[in-house]
Structures are given as C-alpha cells and as structure tokens.
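Asks: Submitted below is the structure of interest, expressed as structure tokens.
The values are calculated or read from the model by the stated rules, or taken from the named source; none is laboratory data. Since this is a predicted model, take the numbers as computed values, not measurements. Cβ atoms come from the backbone with ideal geometry, glycine included; neighbour counts cover every protein chain shown. For accessibility, only protein heavy atoms count, side chains too; no ligands or nucleic acids. Shrake-Rupley method; radii C 1.70, N 1.55, O 1.52, S 1.80 Å.
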Amino acid sequence: QVQLVESGGGLVQPGGSLRLSCAASGSIFSINAMGWYRQAPGKQRELVATITSGGSTNYVASVKGRFTISRDNAKNTVYLQMNSLIPEDTAVYYCNADLRGSSTWYETRRYWGQGTQVTVSS
C-alpha cells in the first residue's frame, strides 16, 4: 500500500554531484521523518541524513558540508543533494520514512525504498 520510490543514482566522477529523490505514495496518514541510509559492499548500513516533518536535519560527520537533505511535505518527497563526491560515497542508497498509514494510523512504522546505486569513480 505504502511505497517509496527512489531515483537519481548513477555513476559520477570524484568532485561531481548527484541529487537523489524519494517519493512516498499510497494511503498515508502522516509522516514523522524521512531519511537516507547507505550500504557499501562488505559494510553495515549507515545512516546518512534525516529530516523531520518540522525541518530539523541531522547528518553523519563524513558528509557534513557536502550533502544536503531537504523535503517537500506537499509531495511527500525527500531529496539528498550530494556535492563534492568522493569514492568513499560509493554505496547503495536507501530512502526511509517513519510514517502512519491510513489503515494503521495508530502505529508508526518504518518503510524502505528499493535502493539506488551511487558510484563515484574516475
């Protein structure tokens, strides 16, 4: 019923930029927060950035000053602007949303996108 669809990944050279998008659709009662995680080969999934419905943001230290998370509440969409990319940013990026569906308005659940590959290489 609730679905998160990601887009914007791809191959980019070091120093380049990408913008990821994630749109939540379906019967949604409310969204508390949205964010981005990433997982590189052989490593655990890492929280990259989060944003609340009120606009409060948090970032992992390694991306501060380079990445910017933003949100369009009217479109239920979250974005991740990635600048000055480095090879260490290479990973599958996953969108997440903590939300209440219309049929489960009484409980907040976590939903995940399918992941989008970001590769930073020359």
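Asks: I want to confirm something. Restricting to the stretch 80-99 and keeping residues that are surrounded by 20 or more Cβ atoms within 10 Å (Cβ to Cβ) and in contact with a Ser or Thr (Cβ under 7 Å, 6 or more places away or on another chain), which single residue is nearest to G15 (Cα to Cα)?
Replies: Restricting to residues being surrounded by 20 or more Cβ atoms within 10 Å (Cβ to Cβ) and in contact with a Ser or Thr (Cβ under 7 Å, 6 or more places away or on another chain), the top hit is L85.
Asks: Next up: Only residues in the stretch 57-79 that are farther than 22 Å from I31 by Cα and of a type outside the set (A, V, I, L, M) count as the first member; pair them with residues that are open to solvent by 40 Å² or more (accessible area, probe 1.4 Å) and in a helix (DSSP H, G or I), Cβ under 9 angstrom, at least 6 apart or cross-chain, and list the lot.
Replies: Short answer, once both residue conditions are applied: S62/E88.
Asks: Working only within the stretch 101-122, note down all residues that are β-branched (V, I, T) and in a loop (DSSP other than H, G, I, E, B).
Replies: Answer for the stretch 101-122, where residues must be β-branched (V, I, T) and in a loop (DSSP other than H, G, I, E, B): just T108.
Asks: Now for a different question. Check every one of the strands (runs of 3 or more DSSP E) wholly within the stretch 1-100 and list those with 2 or more residues that are of a type in the set (G, A, S) and on the phi < 0 side of the Ramachandran plot.
Replies: In the stretch 1-100, 18-25, 28-39 are the strands (runs of 3 or more DSSP E) which contain 2 or more residues that are of a type in the set (G, A, S) and on the phi < 0 side of the Ramachandran plot.
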